There are 2 protein chains.
Amino acid sequence: MEIIDGNQVATALIEELKAEVSTISGRKPCLALVRVGEDPASVSYVRKKEKTAAEIGISSRVILPPVSISQSELVALIDGLNADHSVDGILVQSPLPKQIDELAIFRRVRPEKDVDGFHTLNLGKIAQEDESGFVSCTPAGILELLRRSQVDLNGKHVVVLGRSLIVGKPVALLALQKKAGANGTVTICHSGTRNLAEITRQADVLIAAIGRPEFVTADMVKPGVVVIDVGVNRVSDPTRKTGYRLTGDVHFPGVSPLASKITPVPGGVGPMTVAMLMKNTVKAHRLGNLARSG
Amino acid sequence: MEIIDGNQVATALIEELKAEVSTISGRKPCLALVRVGEDPASVSYVRKKEKTAAEIGISSRVILPPVSISQSELVALIDGLNADHSVDGILVQSPLPKQIDELAIFRRVRPEKDVDGFHTLNLGKIAQEDESGFVSCTPAGILELLRRSQVDLNGKHVVVLGRSLIVGKPVALLALQKKAGANGTVTICHSGTRNLAEITRQADVLIAAIGRPEFVTADMVKPGVVVIDVGVNRVSDPTRKTGYRLTGDVHFPGVSPLASKITPVPGGVGPMTVAMLMKNTVKAHRLGNLARSG
């Protein structure tokens, strides 16, 4: 059994991006990070993104509207960033306050600057196998992690647990693409699936993204399976100082002895997400330059 | 075994649309049909669409540019229709001549008038379960056919053969939606799938859309399966006057005795496609009116 080390892969990717950015003459890529309010998790995520951007040589612009911001004010803010030629990518940190229509905001970001890949047009481009779009960071990170771990999906049965817009559906569409590294047969399971274990036991590659702690147990997988655990769940743990520990959607102690490769939580998919955001930002900068010179 | 009669279902749907259109005061829905050149199949398809529109009370405008039309001329033609407030839906009949970038033309049609559902944005909306978009006619017709044949996909294992943009992928995304009639567990198979029969034998509902005549045989299905045959293949048949007969992707004589319900070819999915185009056109008219009055 091999543990897929997301930190190591992300670090390699960040080094490559750093090298790429260092060759850019003129204006460096710029990422606008919009964080509404002071949600502690959001504060920490945005800080991490800012730090990683700086490490690569991507400039970032952090915008901190108050939690009371209205829909129209936030729309105006996005429109300003959309029009600003010195901004390549725009990330609006989720979750947004209750008064905000989140989907409308994600769709307001110009598709060409939508480095989070949440825009309807960018989702459609995954289905169309159109590489001019942006793939949302977690599914893109999963495919990158598989590729760099020498897992080729060609001819494999990929079972995706969960049909979310952010992970399940896009990762299924990516695994299905007719291109090198992908070309898998894909099954998507969810809360309404009957005989779930019967299906997951057929998986050559199992991607768990349902947000239920340690849901996937040893009896649900076949020996030799590759397991990608997307879950990040807090479970209470009185032995820890914090009172909790993080766990994935997979029961690691039970499943890992059966797996040929498996991602841990934390340290698996998580670190890839920020790295892919940076990769998308560098791509947005490159495509923007092409468009301006074209 | 029950044969799902696509002609009958399409006729019922057309009657409903006719009743709906008759209640519209003021301008009736209008469909622009763009047919480039004189491909005999296209001539026949467009004529059928025109005729069905007239039957419902939808006005149609047939535009017949020459086969030599350039990309920019066709784009200008589409732009004109996009801007024309008396046109609700635009259909560009496929295939287009070699000099035309077909995908670029399909994307040029305003998403609000894209009654064929080929625009990236409308594809993305299927994934987002956003009902404001247009679902392409064949997958929409399949779901309508299932619904009106009392086949509920909830909890069922739906196996889709084929991953095309026009059928396989959208029908998979529709079957997966978390709503009444759908909510299926979905597997998508294709030319790269190993142990195909092992997977298709698990299907409660099998949707065949690979364009290979009589590919699905009796040994590939389980008793009681519901079979939707999307294939329309010409195979040579010297006993016919035409020299050929039409066959689906399913070996009907072998598979039908095992099936609980099955669509024939012709007379199954085919008639639904034109009916759904009309349904989309009426929807475009309704949404356009809402937008203008809103």
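Run down the lysines and flag those whose C-alpha is under 18 Å from the C-alpha of B:Lys261, throwing out any fewer than 8 positions away in its chain.
Correct list for B:Lys261: B:Lys156, B:Lys222.
Calculate, for B:Ala76 and A:Leu246, the FRET efficiency according to 1/(1 + (r/R0)^6) with r their C-beta to C-beta distance and R0 45 Å; round to the nearest 0.05.
Step by step, r from the Cβ atoms, then E = 0.20.
So if the hydrodynamic radius of region A:137-269 is defined as the Kirkwood radius over C-alpha pairs, what does Stokes-Einstein give as its diffusion coefficient at 10 °C and 1.306 mPa s, in µm² per second?
Translational D for this selection: 108 µm²/s.
Can you compute the equivalent ellipsoid semi-axes for region B:25-110, i.e. the square root of 5 times each eigenvalue of the Cα gyration tensor, sorted largest first and rounded to whole Å? Write out the running numbers ahead of the final one.
Values: eigenvalues 97, 53, 15 Å².
In descending order the semi-axes read 22, 16, 9 Å.
Computed over the Cα atoms of the protein assembly as shown, what is the convex hull's projected area averaged over all directions, in nm²?
29.2
Over the whole of A:1-9, what's the average partner chain Cβ count within 10 Å per residue? Rounded to a whole number, please.
Counting Cβ atoms of other protein chains within 10 Å of each residue's Cβ and averaging gives 0.
When the C-alpha atoms of chain A are aligned to their principal axes, what extent does each axis show, in angstrom, from largest down?
The Cα atoms of chain A stretch 53, 45, 34 Å along the principal axes, largest first.
When Cβ neighbours within 10 Å are restricted to other protein chains, what is their mean count per residue of peptide B:199-211?
Neighbouring Cβ atoms belonging to other protein chains average 1 per residue here.
Using alpha carbons only, how many degrees (0 to 90, rounded to 10) separate the axis of helix A:40-56 from the longest principal axis of chain A?
Roughly 70 degrees between the two axes.
Could you work out the relative contact order of region A:137-269, using alpha carbon pairs under 8 angstrom and six or more residues apart, expressed as a whole percent?
22
What list of ³J(HN,Hα) values in whole Hz, one per residue of region B:112-120 in order, does the Karplus curve 6.51 cos²θ - 1.76 cosθ + 1.60 (θ = phi - 60°) give from phi, with Gly and Pro shown as x?
Once rounded to whole Hz, the list reads 6, 10, 7, 6, 8, x, 8, 5, 3.
For region A:191-207, list residues with backbone N below 20 Å from a point placed 7 Å from the Cα of A:Ser260 toward its Cβ?
Residues passing the 20 Å test: A:199-207.
Return the distance in nm (one decimal) between the two label points of a simple spin-label model at A:Glu198 and A:Arg148, each offset 7 Å from Cα along Cα→Cβ.
Reported label-point gap for A:Glu198 and A:Arg148 is 3.9 nm.
Provide the packing ranking of B:44-51, B:263-270, B:127-134, B:63-70, i.e. peptides ordered by the mean count of other C-beta atoms within 10 Å per residue, highest first.
Values: B:44-51: 15.6, B:263-270: 22.6, B:127-134: 19.0, B:63-70: 13.5.
Answer by packing, highest mean first, reads B:263-270, B:127-134, B:44-51, B:63-70.
Considering every residue in B:125-131, what mean count of other chain Cβ atoms within 10 Å of its Cβ is obtained?
Counting other chains' Cβ atoms within 10 Å and averaging over B:125-131 gives 5.
Straight-line reach from A:Lys178: which aspartates and glutamates have a Cα under 19 Å away, not including same-chain ones fewer than 8 places off?
A:Glu129, A:Asp130, A:Glu131, A:Glu144, A:Asp152, A:Asp204
Along the positive direction of the dipole of the protein assembly as shown (beta-carbon charges: Lys, Arg +1; Asp, Glu -1; about the Cα centre), which of A:Leu31, B:Val250, A:Met272 reaches farthest?
A:Leu31
With the cut-off at 23 Å, tell me which of the pairs A:Lys51/A:Lys125; A:Lys18/A:Lys125; A:Lys113/B:Lys179; A:Lys113/A:Lys279; A:Lys49/A:Lys125 have Cα atoms farther apart than that.
A:Lys51/A:Lys125; A:Lys18/A:Lys125; A:Lys113/B:Lys179; A:Lys49/A:Lys125, as the Cα separations exceed 23 Å there.
I need the phi-derived Karplus couplings for region A:240-245: 6.51 cos²θ - 1.76 cosθ + 1.60, θ = phi - 60°, integer Hz, Gly and Pro marked x.
Calculated HN-Hα couplings, in order: 8, 4, 6, x, 8, 10 Hz.
Here, each number is a calculation from the coordinates, and none is a lab measurement. Since we're looking at a predicted model, the values are computed, not measured. In this analysis, Cβ positions are derived from the backbone assuming ideal geometry, glycine residues included, and neighbour counts consider all displayed protein chains.
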